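Step one of this worksheet: look at the structure below.
Every number in this text was worked out from the coordinates using simple rules, so none of it is lab data. What you see is a predicted model, and the numbers here were worked out from it, not measured in a lab. For neighbour counting, all protein chains shown are included, and Cβ atoms are generated from backbone atoms with ideal geometry for every residue, glycine included.
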């Protein structure tokens, strides 16, 4: 299947998840993440979930990371619209940071200090699906792939999915950035 077909099928599948099943899967994903053999990094970029798409909420993960590493600093993406170069920037947040929805309905920090992508240790990458090689299907705008190209090679790129991987994404291209890990309720995938 190609990205468009996967996007349609897996968004529909995710939307049909009953709330009790989703809550159980959230708990299982957190348990799996706790089993991941990595040092909890200090500088983590996360995201605000799209509730209308029944997206995984990474706050479960960042709360656990904070418990393990109270010195962690969180960053959230902000979409910078430009006809020639649309991009994400990462903004430092704290408990006082105000958020507002952007034009896609994604909650973003209203203000804050930009951080260079090269400073970030781990990026929690939103996804709709992924394949057995670590390629992911996002929402189709390419923001994260452009952002991840600017990160250090050792920056951990991790996704979380309620579903197991598709066998292959037919239309992967040279601009797609692979994940290092994807955590599901069933297992941890390392690429």
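Data for the structure
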| item | result |
| --- | --- |
| Share, in percent, of DSSP beta bridges within the chain that are antiparallel, nearest 5 | 60 |
| Virtual spin-label span in nm between residue 173 and residue 132, 7 Å along Cα→Cβ | 2.6 |
| Cα→Cβ-extended label distance, 7 Å offset, between residue 30 and residue 164, nm | 2.5 |
| Exposure proxy order (Cβ contacts within 10 Å, fewest to most) of 187, 97 | 187, 97 |
| Relative contact order (%) - criterion: Cα under 8 Å, at least six apart; region: the chain | 24 |
| Per-residue Cβ neighbour rank within 10 angstrom, fewest leading, 186, 96 | 96, 186 |
| Nitroxide proxy distance, nm - points 7 Å out along Cα→Cβ at residue 2 and residue 21 | 2.9 |
| Mean projected area in nm² (Cα convex hull; one quarter of hull surface) for the chain | 10.6 |
| Between segment 1-24 and segment 85-129, the alpha-carbon center distance in angstrom | 24 |
| Helix-only mean residue ellipticity at 222 nm for the chain, each DSSP H run of n ≥ 4 adding -39500 (n - 2.57), per residue, nearest 500 | -7500 deg cm²/dmol |
| Efficiency of FRET from Cβ geometry, residue 102 and residue 67, R₀ 35 Å, rounded to 0.05 | 0.75 |
| Order of 176, 27 under a 10 Å beta carbon neighbour criterion, fewest first | 27, 176 |
| Kirkwood hydrodynamic radius of segment 110-182, from inverse mean 1/r over distinct Cα pairs, in Å | 13.0 |
